[in-house]
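Right, one structure below, let's go through it.
The values are calculated or read from the model by the stated rules, or taken from the named source; none is laboratory data. Here the structure is a predicted model, which means the values were calculated and not measured. With ideal geometry, Cβ positions are generated from the backbone for all residues, glycine too; neighbour counts draw on all protein chains shown. Ligands, DNA and RNA are excluded from the accessible area calculation, which covers all protein heavy atoms including side chains. Shrake-Rupley method; radii C 1.70, N 1.55, O 1.52, S 1.80 Å.
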Amino acid sequence: MDILKVLSRGIKPTGKKTGGPSAAAALPSAGSKPNPQFFHDKVGGSSSKGKKRKRSKKDQGDNHGEDEEEEVSDVDFFAPKTDEHSEKPAETKGDGEGGGDGKVEEQPKKKAKKLLLDEEECKRILRSHRLKLSILSGQQKEEKAEPKKKKAKKDKKSREEPAETKEDKKPELVNPQPLTSFRDLRDIYDIAPQVADNITRQGFRQPSEVQMASLPLLLDAKTALKKADANGHISAEGGVDFMAVAPTGSGKTISFLIPAIDGIIRRRGEKTDEHVLDAIIVAPTRELASQIVNEGRKLALGTGVRVVLMKRTLPLSAHEDKRETEDDDGDDSDADGNEDDEEGKNAEEPEASEDESDSEAEQTKGEGSEKPKPPARVDILVTTPKILLNFLSGGTKPVTLKKSLPTVRSLILDEADVLLDPIFKKQTIGIWRACTNADLRMSFWSATMASNIETIITKQLDKMSKRMEIQPKPLIRLVVGLKDTAVPSVSHRLIYTATEPGKLLALRQLLHPVKESGAAEEPLRPPFLVFTQTIERAQALHDELKYDIPVEAGGSARIAVLHSSLSDSVRSKIMARFRSGEIWVLVTTDVLARGVDFAGVNGVVNYDVPNSAAAYVHRVGRTGRAGREGGIAVTFYTKDDVPFVKSVANVIAASERQAGSNKVEGGGSSSTVQKWLLDALPKVAKEDRRKLKVRGVESRRTGGKATITTKSAWERKRENNRRGAIEGSKRRKKLEQQKQKEGGGDGDGEFGGFDD
Ligand SMILES: Nc1ncnc2c1ncn2[C@@H]1O[C@H](COP(=O)(O)OP(=O)(O)OP(=O)(O)O)[C@@H](O)[C@H]1O
């Protein structure tokens, strides 16, 4: 197999071991910032109220149809403001382009009212981008009380307690102002000029869908809802709590960072030297937390806002609680929250270790270790759950909060569904309870959000507002596109190989430079990620593949393994080498499944089937980011996976339906998962799904050393027997020699028996 060719394709061979950034830039999915928007459906204007939305392939990209409806995608919402929308061009408002000296000029509120779109227009834009916003809890419901009573009259039994109708249960839809251009951030929402400049500097031209819907609400909910809530029955004063379910790679990170940074700049005013812990961002893995810090620092450049990664030695300023708070979140759901639980490791790897070499930590260490450390200067803290909870509880078990964080006004849970899943739930809720500010605003972000997680969130919000004796804020949920599906820009392959050796052979074929005759699949274009179920399997697969790459192509340096058992510094180095293009094949576990952003990744291989539909969505979301086309997701399944693969097949089918890629001319189907296969795959019982999510496929939980090889079980057994026989014979020979030495025996000693 000529690995050299495949790994060198599109990349000039340097003869050196490092690929460097230029190598990565040569890859098709890297390079300049693409259009981050996924959807541009045709939606009628206000006159077309009630018309059905069309979701054909034609609607989504090809806008040359004969349809007479007004096409939203033809309207350039992102052109500079004209007099029609804007009173004055932004340049005349003294925004101080190119700022960055750290000084903030308090700006008077603009004539936002005149810039706002009417509700019908908002609705039309939101629908064309498949943005659905609803109020999940916390709204004032007076107006809804009346119809309930009427319904109750019909039913004698329910007269005393009016029945909740289906309509009542349905969350109320709302159409806030969408952000049609980043320019609106200044013109309507008055964001700090430095932050606006930093957005431009990063090359972001158009807001992505999640940014369109979330930024207005998080920056100024009252203005964003002005036209949508003329009666004022949504109490947006002081902001809203927010949940965003948006595709992987759709730009959620800056959606929560911009409001966090801008809020701090606004509140501190002229006191730019003051650093008060204002926002906490919680992420499930160290890689993701570090990445958020980097993104935050880019956006906060020149503002003086300090974005810091939590470390064990960081002297964070906190309030010492006199009365120790018991860890009684009182939740009746099955939160074991044990991060050391071996079972949990299989699903999503929690963070176990902390790097102490952080410059912030070093900076705050006293000369002599006895000296009390001055509090760290932090405005935004980014953390994994365990390390912050340890700080707050002093490591007590069971967890007892000894400190609180009363200055925190914004708690952001990135990958909220996993943070509120049993593995992390207790830690996350513990942090939430430590944030005691009455103005605390919560936001929850993920590409997937199961309904039980939404319930946990609404219950917990309710509990917290009762505890603090405050009126709950409206919780607004945003869903971009079809909930819990894979990003539309990725194409999927589902490959059956009966056994493990077959799977390894198939993976090797994907590395092959050209399609071999008889090979079922096209080779993959590096760089790509390969996911396994366990750390042992990742290690074993890496060992198996590492010498496949010829020295001329960089040899074993081109392939690496990353998992949570490695030290933080090793993990960081591997991440850096993969980002720079030096490593082309990265074998990993679910520790890299969520959040991490490698712009140039062309493919994702699920060597082991993911443990849940959500895990599939996140793993494959490492490619096709920010609207980049050409990402490929390959999933292998074997005999052992058949009982569990249905949820993955379903999510592929739904994702392809959404992307419009499963229909071909003439009414045929080009979907990855044929209907017969979907029908034939067994349904997975709820209990089995739960077990699978926690433990993975049982037969792969080796406990000890994982075996990944191209040899069949029969071949391996034969080899083992042969090896055993040789060793046995050696032992017998040695014994005989020893006996002869000792007693000069004739060798007719006792029968030693067979060793195997
Ligand atoms: N408006 C924009 N235009 C172009 N690129 C953007 C824009 N906003 C964000 N990006 C880029 O898109 C990529 C993905 O963004 P981000 O990591 O925030 O995605 P995400 O939604 O958090 O994904 P995940 O669910 O996987 O965590 C990043 O490289 C980011 O720089």
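The figures follow:
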read-out: Pairs of alpha carbons in segment 181-262 whose separation is greater than 20 Å (percent); value: 32 percent
read-out: Segment 499-590 - percent of accessible surface contributed by carbon and sulfur, probe 1.4 Å; value: 55 percent
read-out: Of 311/573; 402/426; 503/573, those spanning more than 20 Å from alpha-carbon to alpha-carbon; value: 503/573
read-out: Residue-normalised accessible area of segment 482-564, expressed per residue, 1.4 Å probe, Å²; value: 35 Å²
read-out: Segment 185-335, accessible surface, carbon-and-sulfur percent (1.4 angstrom probe); value: 45 percent
read-out: P(r) histogram, all alpha-carbon pairs of segment 370-413 included - 10 Å bins from 0, percent; value: 22, 50, 27, 1
read-out: Efficiency of FRET from Cβ geometry, residue 725 and residue 567, R₀ 35 Å, rounded to 0.05; value: 0.25
read-out: Entries of 386/466; 252/425; 386/691 with Cα pairs more than 31 Å apart; value: none
read-out: Length gained when the stretch residue 675-residue 173 is fully extended (0.36 nm per residue, less Cα-Cα span); value: 177.3 nm
read-out: Summed side-chain charge close to residue 678 - residues other than residue 678 whose Cβ falls under 13 Å, Lys, Arg +1, Asp, Glu -1; value: +2
read-out: Listed residues 401, 438, 420: farthest to the positive end of the dipole of segment 396-444 (Cβ charges); value: 401
read-out: Cβ-placed point charges (K, R +1; D, E -1), dipole of segment 436-518 about Cα centre in debye, nearest 20; value: 80 debye
read-out: Estimated inter-spin distance, residue 231 and residue 629, nm [label 7 Å along Cα→Cβ]; value: 4.6 nm
read-out: Segment 580-687: trypsin sites (Lys or Arg not before Pro) in DSSP coil with no more than 14 other Cβ atoms inside 10 Å; value: 683
read-out: Residue among 244, 204, 257 farthest towards the positive dipole end of segment 200-258, charges placed on Cβ; value: 204
